[in-house]
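Asks: I'd like to ask some things about the structure below.
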Amino acid sequence: NAIPEGSRIDGEALRGIADFVPSLYMVAPAHLAFLVRHMAERGFRPPAAPILATYSLCTRMARRQILEVFPPGTVFAEAVGMSELGFIAAECPRGGLHLNTGAFCCELRTGGRGAEPGELAELVVTTIDGGCSPHVRYRTGDAYRLVAGACPCGHPSPLARMEGRIRNLVIRKGKVLLTPRELDETVGDCDWMHLYKMEQISEDAFAFSTIPIPGRENRAPEVAERLRERLGRDIDLTVRSVAYLSAARS
């Protein structure tokens, strides 16, 4: 029984999952991570089905929080999709992100040229069969790094690492210091908090906010130290614990 007897199903989202028993969860990972925290509080065990995390980057913390509540062995994969284009990239079973070169001509460009492996670049996409609405060298606004070599999974499409939206890069003194993906790696999978938010207020001022888990040691100072190592010892970094974090569309 996927939904234990006595579970509290007192919200529209949980009632919908219980009634319809999804065969696939295609979700924004941050939103599902928020929902699974309520599932855990209510003893609600969601029905097993593959999870396709899309719409936004999936943090290590969100992936762990989700898989802790879903049944063991749940298939979880990230995919990059755009409403105007469809799916551009998807994660394989070995954890590599493959560009969808079957449907698109994918270019990683920086400084007016093609990027070398490891260079931060913007993904530019041309549709191979765009029908009545083709896209030619469409600038996605997303930052990637090309990964050298073939994937162990054997799929021939090129590997890349999605770094996040270009508008969300942390830039200081004209240099990119952190991408959203690198920020997630710097913060790490912190099991003492539910959620975090990093804001760049000015070139030298930053705010790092967390929603800590009651009863667990708050290790925000350790995270703040790692952030200073990446951003500079002279930054103005405010660290605070809050009860609520507003979400943006990005």
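The values are calculated or read from the model by the stated rules, or taken from the named source; none is laboratory data. Because the structure is a prediction, the values reported are computed rather than measured. As a convention, Cβ positions derive from the backbone with ideal geometry for all residues, glycine included, and neighbour counts pool all protein chains shown. Each accessible area value is taken on the protein alone, full model and side chains, heavy atoms only, with ligands, DNA and RNA left out. Shrake-Rupley method; radii C 1.70, N 1.55, O 1.52, S 1.80 Å.
Asks: Quick one: how many Å² of VAL75 are accessible to a 1.4 Å probe, rounded to 10?
Replies: 90 Å²
Asks: Still on this structure, please answer the following. What nm value, rounded to one decimal, do you get for the distance between SER246 and ARG233 when each label is placed 7 Å out toward the C-beta?
Replies: The answer from the label model is 3.6 nm.
Asks: Please pull out the direction-averaged projected area of the range 77-172, using the convex hull of its alpha-carbon atoms, in nm² to one decimal place.
Replies: For the range 77-172, the mean projected area of the Cα convex hull comes to 6.7 nm².
Asks: Also, quick follow-up: Rank these residues by their accessible area, most exposed first, probe 1.4 Å: MET39, MET162.
Replies: If we order MET39, MET162 from most to least accessible, we get MET162, MET39.
Asks: Ignoring everything except DSSP H segments at least 4 long, calculate the 222 nm mean residue ellipticity for the chain; use -39,500 (n - 2.57) per segment, divide by total residues, nearest 500.
Replies: -6500 deg cm²/dmol, from helical runs alone.
Asks: Do any GluC sites (Glu not before Pro) in the range 80-128 lie in a DSSP loop with no more than 16 other beta carbon atoms within 10 Å, and if so, which?
Replies: GLU84, GLU119
Asks: Also, quick follow-up: Need one number: % antiparallel among DSSP beta bridges in the chain, to the nearest 5.
Replies: Roughly 75 percent of the beta bridges in the chain run antiparallel, per DSSP.
Asks: In what order, largest first, do VAL36, VAL239 sit by accessible area if the probe radius is 1.4 Å?
Replies: VAL239, VAL36
Asks: I'd like the accessible area for LEU52: 1.4 Å probe, protein heavy atoms, all chains in place, Å² to the nearest 10.
Replies: Around 40 Å² of this residue is reachable by solvent.
Asks: Against the globular-protein guess of 2.2 N^0.38 Å, express the Cα radius of gyration of the chain as a ratio, rounded to two decimals.
Replies: Normalised Rg, Cα atoms only: 1.11.
Asks: What does DSSP give for the range 143-250 in terms of the percent of beta bridges that are antiparallel, rounded to the nearest 5?
Replies: Taking every DSSP beta bridge with both residues in the range 143-250, the antiparallel ones total about 70 percent.
Asks: Follow-up. First select every other residue whose beta carbon is under 9 angstrom from the beta carbon of ARG64; then total the charges, Lys and Arg +1, Asp and Glu -1.
Replies: -1
Asks: Can you give the log10 of the normalised intensity I(q)/I(0) at q = 0.12, 0.16, 0.22, 0.23 Å⁻¹, computed with Debye over equal Cα scatterers of the range 1-123?
Replies: Listed by q, the Debye log ratios stand at -0.54, -0.83, -1.29, -1.38.
Asks: Taking the full set of protein chains and a 1.4 angstrom probe, give the accessible area of HIS194 in square angstrom, rounded to the nearest 10.
Replies: HIS194 exposes around 50 Å² with every protein chain in place.
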